[in-house]
Amino acid sequence: MSATKDTGGTHVVTRFAPSPTGFLHIGGARTALFNLLFARHHNGKFLLRIEDTDRARSTQPAIEAILDGMTWLGLDWDGEVTYQFARADRHAAVAHAMVEKGAAYRCYLTQDELAGMRAEAEANKKPLRIRSPWREKTHDGDTPFVVRLKAPTEGATTIADLVQGEVTVQNSEIDDLVLLRSDGTPTYMLAVVVDDHDMGVTHVIRGDDHLNNAFRQLPIYKAMGWPEPHYAHIPLIHGSDGAKLSKRHGALGVDAYRDEMGLLPEAVSNYLLRLGWGHGDDEIISREQAIKWFDLAGVGKSPSRFDMKKLENLNGYYIRASDDAVLADLVAARMPFEVGEEQRDLLRRSMGALKPRAANLLELCDGAWFLFRTRPLELDDDAAALLEGNARAILVRLHAALDGVAGWDTEALEAAVRTVADDAGIKLGAAAQPLRAALTGRKTSPGIFDVLALLGREESLGRIADQMPLPG
Ligand code: GLU
């Protein structure tokens, strides 16, 4: 892997440039991931720029959600975060420099004139492409003006997009877009280019909803004589039904994947990588491998479909592969009470029994819940039903047998329960079910011998005794 081979000798710099108008959604996280992997693969830099120029829609909580989500997913950016709004003076200076060079002009079109142009375009069923009469004229008064790009009118522009391939647009389609508003503030289109240039960005990797913008941004590079970046526009993520991803498909903030769904960052990150990029049939790909393997040639051209089931399965894999102590801490943090050292240790020891049954941290917590219940247990309806008939009489025999078990290990416990079942002429399950109800208060739990072993002798015998019929 060389820093130069696939990148024409440039030192790679990528960036993720979210607008802080909402949470960090799953599509944004994938864009950030691809930028990070591409940069790391080429020993380059991955930068973060918060595009907060839209003052009305940008919020501090959104900025925090983005930083928090990226940190959680291990999308570690290099250096300081760049805040776009703080650079407004620099953006304006570039717009003025473009006017000086004749690549942009002051446009004095009034709102009425613009409305007239819009109405005319609508009547002709054509998109509005402004070619202002002020392209070639100047004005001396202090009438308000905007600065517009003097867009090329002849010929065509071709982008050799690293994902989409060659895309050509006739220059007549590119309008004289506004660079500076009449209040002197820069537009998004100008700010992106100036910032990308100043940050030394060599590869712009972003959603393909920005492909059209690339054709409007390139003239700014050309006008300033700046090196043009390589572009890679990645297809958006669609829902499992093929429609554009919406909330109902899982287009939530990454915090929802963490908090509400209890997913692990490794699983989300691995899933996002596979969503739109492939390396043979590999499904489980560590960050390290991803950095080694990632290339833009492996990014598909068509939209990928978000599949919650796959993500859940992958998460189950990562839960099983996770370190018990790490999982115990994650579960402890989700418990509705302060987990002490002894309880944390118990959680740690329980993971072997709990992990295989859990696809997410919610299920892991649910599985661990029986450990911390207080006696006498309140039984849910299913568990209560398991203790009807002669089940409580079985509990009496189980209690006696278990009380006699010398070493409290799963083998000895299983042998004791089997003996009771055999003596009573019932199946093992018929003995295990009432036992489960008494020990956990529920109908389902980890393997019953694990439950006994984890609860320990005293607690287990106590919980069984609580459910035994009163003598007499
Ligand atoms: N701020 C833009 C967005 O959030 C991204 C701009 C870019 O990547 O060039 O959609």
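Shown in residue order for the range 46-51 are the 3J(HN,Hα) couplings computed by the Karplus curve 6.51 cos²θ - 1.76 cosθ + 1.60 at θ = phi - 60°: 10, 10, 10, 10, 8, 8 Hz (x for Gly and Pro).
With the biggest extent put first, the Cα atoms of the range 36-107 measure 46, 34, 16 Å across the principal axes. With all pairs of different C-alpha atoms in the average, the Kirkwood value for the hydrodynamic radius of the range 1-149 is 18.9 Å. Cα extents for the range 364-426 along the principal axes, largest to smallest and rounded to whole angstrom: 33, 30, 19.
A straight chain from Arg349 to Lys301 at 0.36 nm per residue would run longer than the Cα-Cα distance by 12.6 nm. The long axis of helix 26-41 is offset from the longest Cα principal axis of the chain by roughly 80 degrees. Stretching the chain fully between Ser246 and Thr153 yields a gain of 29.7 nm (0.36 nm per residue, less the alpha carbon separation). Relative contact order of the range 311-437, taken over Cα pairs closer than 8 Å and 6 or more residues apart, is 20 percent. Using R0 = 35 Å, the C-beta based FRET efficiency linking Asp422 and Arg320 works out to 0.55. Restricting attention to the chain, close to 55% of DSSP beta bridges with both partner residues there are antiparallel. Annotation: lysines with alpha-carbon distance below 28 angstrom to Lys150 (same-chain offsets under eight excluded): Lys101, Lys125, Lys126, Lys137, Lys222. Taken one residue at a time, the phi angles of the range 311-322 give Karplus couplings (6.51, -1.76, 1.60, θ = phi - 60°) of 4, 4, 4, 5, 5, x, 4, 5, 5, 5, 7, 7 Hz. Gly and Pro are set to x. Only the Cβ atoms of Lys and Arg (+1) and of Asp and Glu (-1) were treated as charged; on that basis the dipole of the chain about its Cα centre amounts to roughly 940 debye. Per the Debye formula on identical point scatterers at the alpha carbon atoms of the range 233-282, with no solvent, log10 I(q)/I(0) at q = 0.15, 0.26 Å⁻¹ is -0.48, -1.14. Across the options Pro235, Gln84, Met117, the greatest Cα extent toward the positive end of the charge dipole of the chain (unit charges at beta carbon of Lys, Arg, Asp, Glu) belongs to Met117. For the chain, find the longest principal axis of its Cα atoms and tell me its angle to the long axis of helix 391-403, 0 to 90°, nearest 10. Here the helix axis deviates by roughly 80 degrees.
Of the residues Gln343, Pro20, Ala393, the one whose Cα sits farthest toward the positive end of the charge dipole of the chain, with +1 on the Cβ of Lys and Arg and -1 on the Cβ of Asp and Glu, is Pro20. Evaluated with a Cβ-only charge set (Lys, Arg +1; Asp, Glu -1), the range 330-409 carries a dipole of roughly 220 debye about its Cα centre, given to the nearest 20.
Accessible area per residue for the chain is 48 Å², calculated with a 1.4 Å probe on protein heavy atoms, without ligands, DNA or RNA. The angle between the Cα long axis of helix 88-101 and the main principal axis of the chain comes to about 30°, on a 0 to 90 degree scale.
Taking all protein chains as shown and a probe of 1.4 angstrom, Asp208 keeps an accessible surface of around 50 Å². Reported to the nearest whole Å, the Cα centre-to-centre distance from the range 393-424 to the range 81-139 is 85. Relative to the current alpha-carbon distance between Lys126 and Ile284, full extension at 0.36 nm per residue lengthens the span by 52.0 nm. Rolling a 1.4 Å probe over the protein heavy atoms leaves His279 with an accessible area of roughly 60 Å². In the range 281-320, a dipole from Cβ-located charges (positive for Lys and Arg, negative for Asp and Glu) runs towards its positive end, and of Ile291, Tyr318, Ser302 it is Ser302 whose Cα lies farthest in that direction.
Projected label points at Glu459 and Asp380, each 7 Å from Cα along the beta carbon direction, are separated by 1.9 nanometres. Shown in residue order for the range 453-467 are the 3J(HN,Hα) couplings computed by the Karplus curve 6.51 cos²θ - 1.76 cosθ + 1.60 at θ = phi - 60°: 4, 5, 6, x, 4, 5, 5, 4, 4, x, 5, 5, 4, 4, 9 Hz (x for Gly and Pro).
Computed over the alpha-carbon pairs of the range 144-187, the distance histogram in 10 Å steps reads 27, 32, 29, 11, 1 percent, short to long. Pull up all non-local amide H partners of Ile234: gap of 5 or more, or a different chain, and H-to-H distance under 5 Å with H placed in the peptide plane. Answer set, sorted by chain and number: Arg206, Gly207, Asp208. Measuring only protein heavy atoms, the 1.4 Å probe finds Asp259 accessible over about 80 Å². Across every pair of non-identical alpha carbons in the chain, the mean reciprocal distance, once inverted, gives a Kirkwood radius of 26.8 Å.
In the range 65-210, Cα pairs under 8 Å separated by at least six residues give a relative contact order of 23 percent. Mean projected area of the Cα convex hull of the range 76-163, taken over all directions, amounts to 10.2 nm².
Looking at the chain, which longest stretch skips every one of the trypsin sites (Lys or Arg not before Pro) that is in a DSSP loop with at most 10 other Cβ atoms within 10 Å, leaving the sites themselves out? Segment 126-472 is the longest.
The values are calculated or read from the model by the stated rules, or taken from the named source; none is laboratory data. From a predicted model like this one, the values you see are computed outputs, not experimental measurements. Note that we place each Cβ from the backbone using ideal geometry, even for glycine, and neighbour counts take in every protein chain shown. Each accessible area value is taken on the protein alone, full model and side chains, heavy atoms only, with ligands, DNA and RNA left out. Shrake-Rupley method; radii C 1.70, N 1.55, O 1.52, S 1.80 Å.
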